[in-house]
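K.L.:
I have a structure I would like to understand better, so I am pasting it below and will then ask my questions one at a time.
The values are calculated or read from the model by the stated rules, or taken from the named source; none is laboratory data. These numbers come from a predicted model, not from an experiment. Here the Cβ positions follow ideal geometry from the backbone for every residue, glycine too, while neighbour counts run over all protein chains shown.
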Amino acid sequence: MKAVEVRELVKDYGSFRAIKGISFEVKAGEIFGLIGPNGAGKTTVLRTIATLLQITSGSITVFGYELPKEAGAVRKIISYLPEEAGAYRNLTGKEYLNFIAKFFGEGEKCQNMVRRGLEIANLGERINDKVDTYSKGMTRRLLVGRALMVDPRLAILDEPTSGLDVINAQEVRRIINSSVEAGATVLLSSHNMLEVEFLCHRIALIDDGRIVASGTAAELKEEYDARNIEEAFVKAIR
Amino acid sequence: MIRNIVKKEFKELFTISTLLPIVFVALVFGFVGQMIGSVGESMQEKPVIGVVDMDGGDFSDTAMSVFIERAEVIYNGSDAEEGLRKVREDNGVALLVIPENFSQKIYANQPGEIEIYWIMRGAGMMDSISSGIVEWLIQAANQEISRKLIQQDSSVDPALVLNPTTRIETTFFKGKEIQGLSPSVLGGMLGSQSTVIPVVVMMLIILAGVSVISSMGLEKENKTLETLLTLPVRRSHIVIGKIVGSALVGMIMAIIYMLGFSRYMSSFQISDVNLADFGLALGMQDYLLVGISLFVALLAGLSLCIVLGTFAKNYRSAQALIFPITALAMISAFIIMFKDFDTIPVVLRVFLFAIPFSHPMMAMRALMLDNYSLVIGGIAYAAVFTAAMIAVAVRIFNSDRLLTGSVQKRAALGKLVWGFRR
């Protein structure tokens, strides 16, 4: 089953064309990575799928729901983690998870989500402290917990390990993997090509608003006769 | 080197957001100066009055000569009703009637009575200036009568010399006939409505407005907006939730402010006149209308704030965006404090009506005078304004603008990034 189907997506900011006719599919239950340098258009693609940006032309469907017509339905089944996301500073970590969970369910369902969020964030007693006092790594873990606790059918994660140290980054990758094992589909972006190579089932290489190559890490390396994805990317954009 | 640093500092500090408040303060000073200047001009103008002398005695002649000399008399006859009609038509201030036996009473060591029929047009601070001049005119007539009394009989009762006349006053104010009160006393009694209410409403709008605009700025600064917009909640609910939340915060702040300010204002009020005795009290229905007017105006102000808040890039820029709200709230409060809605020029009246939060500032006084159309019209206008602003806000929330800023700026940025990468 197709979790996401993007066809000839074009996105303009005024007279500037940021996305120039991108097409790709994400299968249900897989981790799909969009990789490319800064400014390649990764975040714009993710934001458009996450219903934040309007489509200039082309089409997007998420689990059969068409954007922008069925944006409300899409928001019920996705969870989006922006690259530089923050949380409300005057709330404690637990209050923040509770605030988000209430949009997805009530009563026991809500409480279960919060419990799952607490487990994923794994902040111990600090979960009862205000977000304002958290380090960058702690905030990111809280936000990953927030994004995955709602059991989204599609998690859209923009640079999920951005700014994290090795230990925290590894922990976040473990959480993403276990979430997929539990049935979620993940669409993520990263400019860390080596990380994506080990995390994603399939990858699309994006540059200058276009997908220059896509496939599994092994397929891409074979196609470009490269030792790793980074090398494959460099060869692909030449 | 120094020139380079000075240039950089100037560019950093001399921005629109730092300039606008100063320009606004200068404009307010100009406005107040113009007001004070017009007060001075009004003080020098002769008051427009009508006079009716039904006595024809020595002392009425004295009083009449003072009135004719120092005022612009538009009616001088014997028919009080005709005189009143003429004064009303010609925008006069008062009709002074000297009844029969005026001089005879004074000769009999009793103060003579002067009947004053005031035409009061507004209850703002500046609206009672002309009536104050007429009061001074009567005082001048009293002095002339006293002088004459002393010249004629040096053994006259000192109490009579000090107060040779008494007044019987009737004030006509917006369809109401109020016995025994002059416009200056009535204006003083309505002073709390003229001062306290506009200031409290102004503070409520500004404080609640700061909350909602800051909330938008913080959402962007803390990078929480993107998450919020991808949650399964209608954009209209986000907008309404922000407005209502900020309204509650603003109301709590305004109540705290009002407690202190009303205590401060009450220290100046020494009048023990009860407005209810003159049919100027508010009923439950009136208070309900005042409450609705305030609530709808608050929503209107906040819905405008949330539209402005969408332009905020961060908390700091949000603070600058509150400026238009502050300016509109202050201007409407000042106008209402100084002048009555009915006594300002039509252009200013339209401008004042168009500011949705000016209506609760005027509501209480309007309801006292049974002017329901202004209050209900204001509520309807503010409700329509709110709906329109919420629709605009939801439209912005549904667009790219909230995340990308202006399209042109983004396009320029895009070109810059693109050019750099190439």
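K.L.:
Any residue at all in the range A:79-96 that's more than 9 Å from chain B (Cβ to nearest Cβ) and surrounded by 22 or more Cβ atoms within 10 Å (Cβ to Cβ)?
P.N.:
Yes: one or more hits.
K.L.:
In addition: Step by step: first the residues of the range A:40-61, then only those that are more than 12 Å from every other protein chain (Cβ to nearest Cβ) and closer than 16 Å to A:Glu5 by Cβ, then the one that is nearest to the chain's Cα centre (by Cα). Which residue is that?
P.N.:
Narrowing the range A:40-61 to residues more than 12 Å from every other protein chain (Cβ to nearest Cβ): A:42, A:45, A:57-61.
Keeping just the survivors that are closer than 16 Å to A:Glu5 by Cβ gives A:45, A:57-61.
Numbers: A:Val45: 11, A:Ser57: 22, A:Gly58: 21, A:Ser59: 19, A:Ile60: 16, A:Thr61: 16 Å.
The residue in question is A:Val45.
K.L.:
Here's another thing I want to ask about it. Filter the range A:13-34 down to the residues that are within 14 Å of chain B (Cβ to nearest Cβ) and part of a strand (DSSP E or B), then identify the one that is surrounded by the most Cβ atoms within 10 Å (Cβ to Cβ).
P.N.:
So, considering only residues that are within 14 Å of chain B (Cβ to nearest Cβ) and part of a strand (DSSP E or B), the one surrounded by the most Cβ atoms within 10 Å (Cβ to Cβ) is A:Ile19.
K.L.:
Residue by residue through the range A:62-73, note down the ones that are within 9 Å of chain B (Cβ to nearest Cβ) and either of a type in the set (Ser, Thr, Tyr) or touching a residue at least 12 places away in the same chain (Cβ under 8 Å) (or both).
P.N.:
A:Pro68, A:Ala71 - these are the residues of the range A:62-73 that are within 9 Å of chain B (Cβ to nearest Cβ) and either of a type in the set (Ser, Thr, Tyr) or touching a residue at least 12 places away in the same chain (Cβ under 8 Å) (or both).
K.L.:
Restricting to strands (runs of 3 or more DSSP E) lying wholly in the range B:97-206: which have 3 or more residues that are more than 30 Å from B:Ser293 (Cβ to Cβ) and of a type in the set (S, T, N, Q)?
P.N.:
Those strands (runs of 3 or more DSSP E) span B:165-173.
Every residue, every condition in (1) in a helix (DSSP H, G or I); (2) surrounded by 12 or more Cβ atoms within 10 Å (Cβ to Cβ); (3) at pLDDT below 85; (4) among the charged types (D, E, K, R), yes or no:
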{"residue": "B:Val6", "(1), (2), (3), (4)": "yes, no, yes, no"}
{"residue": "B:Glu12", "(1), (2), (3), (4)": "yes, no, yes, yes"}
{"residue": "B:Val28", "(1), (2), (3), (4)": "yes, yes, yes, no"}
{"residue": "B:Gly50", "(1), (2), (3), (4)": "no, yes, no, no"}
{"residue": "B:Tyr75", "(1), (2), (3), (4)": "no, yes, no, no"}
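K.L.:
Check off (1) touching a residue at least 40 places away in the same chain (Cβ under 8 Å); (2) out of contact with any Gly (no Cβ under 8 Å at 6 or more places or on another chain) for B:Gln319 and give me the number that stays unchecked.
P.N.:
(2)
K.L.:
Return the residues of the range B:221-236 that are at pLDDT 85 or above, at the interface with chain A (Cβ under 10 Å from one of its Cβ atoms) and not in a loop (DSSP other than H, G, I, E, B); say none if nothing qualifies.
P.N.:
The answer is B:Leu225, B:Glu226, B:Thr227, B:Leu228, B:Leu229, B:Arg235.
K.L.:
Please identify the pairs in which a residue from the range A:214-238 that is in contact (Cβ under 8 Å) with a residue 60 or more places away in the chain has its Cβ atom under 7 Å from the Cβ atom of a residue that is β-branched (Val, Ile, Thr) and part of a helix (DSSP H, G or I), counting only partners at least 6 apart or on another chain.
P.N.:
Note: pairs meeting the criteria are A:Ile229/A:Val196.
K.L.:
Exactly one condition in (1) in a helix (DSSP H, G or I); (2) more than 23 Å from B:Ser214 (Cβ to Cβ); (3) within 14 Å of chain B (Cβ to nearest Cβ) is not met by A:Thr139; state its number.
P.N.:
Only one criterion is unmet by A:Thr139, namely (2).
K.L.:
Given the criterion assigned to a strand (DSSP E or B), more than 10 Å from chain B (Cβ to nearest Cβ), closer than 22 Å to A:Arg153 by Cβ and not basic (Lys, Arg), identify the matching residue among A:Val6, A:Val10.
P.N.:
After applying the criteria, what remains is A:Val6.
K.L.:
Taking A:Val180 as meeting all but one of (1) within 14 Å of chain B (Cβ to nearest Cβ); (2) out of contact with any helix residue (DSSP H, G or I) (no Cβ under 8 Å at 6 or more places or on another chain), write down the number of the exception.
P.N.:
(1)
K.L.:
Which of (1) of a type in the set (S, T, N, Q); (2) part of a helix (DSSP H, G or I); (3) at pLDDT below 90 is the odd one out, the single condition A:Thr161 does not satisfy?
P.N.:
So the condition that A:Thr161 fails would be (2).
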